[in-house]
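**Q** Dropping a structure here in C-alpha cells format, bear with me for questions.
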Amino acid sequence: MADDLAPPDGPLAGKRIVLGVTGGIAAYKSIEVCRRLVDLGAHVTPILTDAALNMVGSTTFKALASEAPKTSLFEDEDPIPHTRMGQRSDALVVCPATARILSDYRTGRSADLLSATLIATEAPVIVCPAMHTEMWEHPSVQDNIAVLLARGVLIVPPEEGRLAGGDSGKGRLASPETIVDAVLGALTIKDLDGRSVLITAGGTREAIDPVRFIGNHSSGKQGYALAAEANRRGARVTLIATTQLPISPDINQETVTTAAQMHEMVTRHADAADVIIMAAAVADFRPVEVAEQKIKKANGTPQITLERTVDILAELGQKKKQGQILVGFAAETNNVAKNAQSKLERKGADFIVANDVSAPDVGFAHDTNAVTIYGADGSTTQVSLRGKDEIARAVFNTVVSADTASTKPARPST
Ligand code: CTP
C-alpha cells in the first residue's frame with residue numbers, strides 16, 4: 001500500500017483523511033490531491049460517489065491511496081462505515097464538490113456514503129467546489145455556501161479559468177497545491193497564534209550599471225517555505241523578498257531588490273515582530289558607484305570599487321527587544337559548525353540555521369536542504385536532507401520551544 005511509502009515524520013503523519021470525490025469533470029484532479037496527501041504522511045481513505053465513478057476509476061485510487069476506495073454504504077462488513085469513518089477521521093476533504101453534495105451537506109440529507117459520512121463527523125471539513133459559472137453563481141448554491149461557512153466548514157473557492165465544454169469563467173477547481181495547503185492549514189496546531197513573524201527571502205542584487213549586477217544563487221524557496229509554515233501555524237506574517245513565488249494572500253509581502261532596500265524594509269517592520277528570520281542572502285558588498293550608462297567593453301576593463309553593506313542581522317541583534325527571537329542563516333562551504341557558532345556570537349542571534357551548500361541537493365535553488373540549527377543556549381538540532389517545507393517546520397519547532405520557554409505564561413493574543 002502507498003501508506004508504507006509515506007514519510008514517518010511528514011506534516012500529516014498519523015492523520016486519517018477521508019477524501020470524498022463527487023461527479024464533476026474536475027474529479028481527475030482529486031487523484032493528484034490524494035497522491036500529495038499520502039506523500040505528506042496522511043492515511044487517505046477515498047470515498048467515490050456513483051457519479052464520481054463515471055469520471056475516474058476506483059483502480060487509480062486503489063493504487064495511490066492508503067486503502068481501497070469506498071463506494072457504497074453497504075459494501076463493507078461494517079454495517080455503519082460512515083459513522084466509523086466520520087468518527088476516526090482527522091479531516092474530510094470533498095474534492096471536487098458538486099452543487100448536489102453542497103445541497104445534501106447543507107440540509108443533512110444522508111443520500112449516500114459520502115453525504116452520510118459528512119454528517120457523522122466532528123472533524124474539520126474542507127469543501128472544494130467546482131462547477132460551471134452559472135451554477136456557482138446561482139443563489140441556491142451561494143446560499144448553501146454561506147450556510148456551510150457559517151457552520152465552520154472550510155471552503156476552498158473555485159478559481160477563474162477553463163471549464164468543461166470549452167467554456168471559461170469562475171468555477172474551476174482550485175489547484176491541488178491550494179487544496180493540500182488548506183488541508184495542512186486545517187490540521188496544523190496554531191502555536192504561533194497572535195505572534196508576528198518577519199521573514200526575508202531571496203538574494204539581493206547590487207547594480208553595477210543599468211544591465212549588470214552583483215548577485216548570488218539564492219532562489220528564495222527556503223524563505224517562502226518558512227513564511228508558509230508560519231502562516232499555517234497562525235502567525236501574522238510579513239515576507240520581505242527579492243523574488244516572486246506563489247504564496248498565500250494572508251501573507252503581507254514586500255518586494256525589494258538591493259541590500260539597502262532590504263535593510264530599510266526590515267527596519268520598518270522589525271519592531272512589531274516577535275520572531276525575525278533572516279533567510280535572505282544579503283550582499284555583503286556593493287559597488288561604490290553605479291554607472292548611469294551601460295559600461296562598454298570598448299572602453300577597457302572597468303575597475304569596480306566595492307563597499308560594505310549594512311549587516312542587517314547584526315544590527316537587529318544589537319537592537320533586539322525583550323522576548324524577540326532572532327534567527328539567521330549561514331550558507332557555508334567549509335567549517336560549518338565553527339562558522340555558525342561564530343555568527344551566533346557576532347550577530348547576536350538566538351539561532352543560526354547552517355547548511356553546507358557544497359553538499360549535493362543542499363541549499364541554493366534546490367527544493368531540498370539539510371541543516372543544523374545552532375542555538376545561543378548551546379543547543380544543536382540536526383535536520384537531514386528533506387524538502388524545504390520540512391526544514392521550515394523544524395525551524396519553527398525550535399523557535400516555538402524557545403518562545404514557550406521565554407514567555408511562560410503565554411502572552412495574550414493581540
Ligand atoms: N546578513 C545580513 N546582512 C548582510 C549579510 C548577511 O543580515 N549584509 C544575514 C543573512 O541574512 C544571514 C546571516 O546574516 O541570516 C549570515 O549571512 P552570511 O552571508 O552567511 O554571513 P556573513 O556575515 O557574510 O559572514 P561571512 O562573510 O563570514 O560568511
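**Q** Ordered by residue, what ³J(HN,Hα) values in Hz, to whole numbers, does the stretch 197-212 give under the Karplus form 6.51 cos²θ - 1.76 cosθ + 1.60, where θ = phi - 60° and Gly and Pro are x?
**A** Ordered by residue, 3J(HN,Hα) equals 10, 10, 10, 10, 8, x, x, 7, 10, 10, 5, 9, 8, x, 10, 10 Hz.
**Q** Ok, one more. Per DSSP helix of 4 or more residues, -39500 (n - 2.57); summed, then divided by the residues of the chain. What does that give at 222 nm, rounded to the nearest 500?
**A** Roughly -9500 deg cm²/dmol at 222 nm, from the helical runs in the chain.
**Q** At A298 and H269, where each label point lies 7 Å from the Cα along Cα→Cβ, what is the point-to-point distance in nanometres?
**A** The modelled label-to-label distance comes out at 4.5 nm.
**Q** Something else now. Amide H to amide H under 5 Å from A330: which residues, 5+ apart in sequence or cross-chain, H placed 1.01 Å off N in plane?
**A** Those qualifying (amide H under 5 Å, at least 5 residues apart or on another chain) are V353, A354, N355.
**Q** Between 0 and 90 degrees, rounded to the nearest ten: what's the tilt of helix 221-232 against the longest Cα principal axis of the chain?
**A** So the inclination is approximately 50 degrees.
**Q** To the nearest 10 degrees, how steep is helix 139-150 against the longest Cα principal axis of the chain, on a 0 to 90 scale?
**A** It works out to around 60 degrees.
**Q** Here is a follow-up. Holding the Cα-Cα limit at 19 Å, pick out from K15/K221; K319/K347; K319/K388; K190/K321; K15/K190 the pairs that are longer than that.
**A** As for pairs spanning more than 19 Å Cα to Cα, those are K15/K221; K319/K388; K190/K321.
**Q** Sticking to Cα atoms, compute the Rg of the chain to one decimal and its Dmax as the biggest Cα-Cα distance, whole number, in Å.
**A** Using the Cα atoms of the chain, the pair Rg, Dmax is 24.9, 86 Å.
**Q** Can I ask one more? Gain in length, T333 to E75, computed as 0.36 nm per residue apart minus the alpha-carbon separation, to one decimal in nm?
**A** So the chain would gain 87.0 nm between T333 and E75.
**Q** Please find the FRET efficiency linking D284 to A13, where r is the Cβ-Cβ separation and R0 is fixed at 41 Å, and quote it to the nearest 0.05.
**A** Rounded to the nearest 0.05, the efficiency is 0.55.
**Q** Ignoring solvent entirely, what values of log10 I(q)/I(0) come out of the Debye formula for the stretch 2-187 at 0.13, 0.16 Å⁻¹ when each Cα is a single scatterer?
**A** -0.60, -0.93
**Q** Choose one answer from P176, P158, P249: the residue with the largest mean-square fluctuation in a GNM of the chain with alpha-carbon springs under 10 Å.
**A** P249
**Q** In sequence order, what are the phi-derived ³J(HN,Hα) couplings for the stretch 106-116 according to the Karplus relation 6.51 cos²θ - 1.76 cosθ + 1.60 with θ = phi - 60°, rounded to whole Hz, with x for glycine and proline?
**A** 5, 8, x, 7, 8, 8, 7, 4, 5, 5, 5
Every number here is computed from the coordinates shown, using simple stated rules; none is lab data. This is a predicted model, so every value here is computed, not measured. Cβ sites come from the backbone with ideal geometry, for glycine too, and all protein chains shown count toward neighbours.
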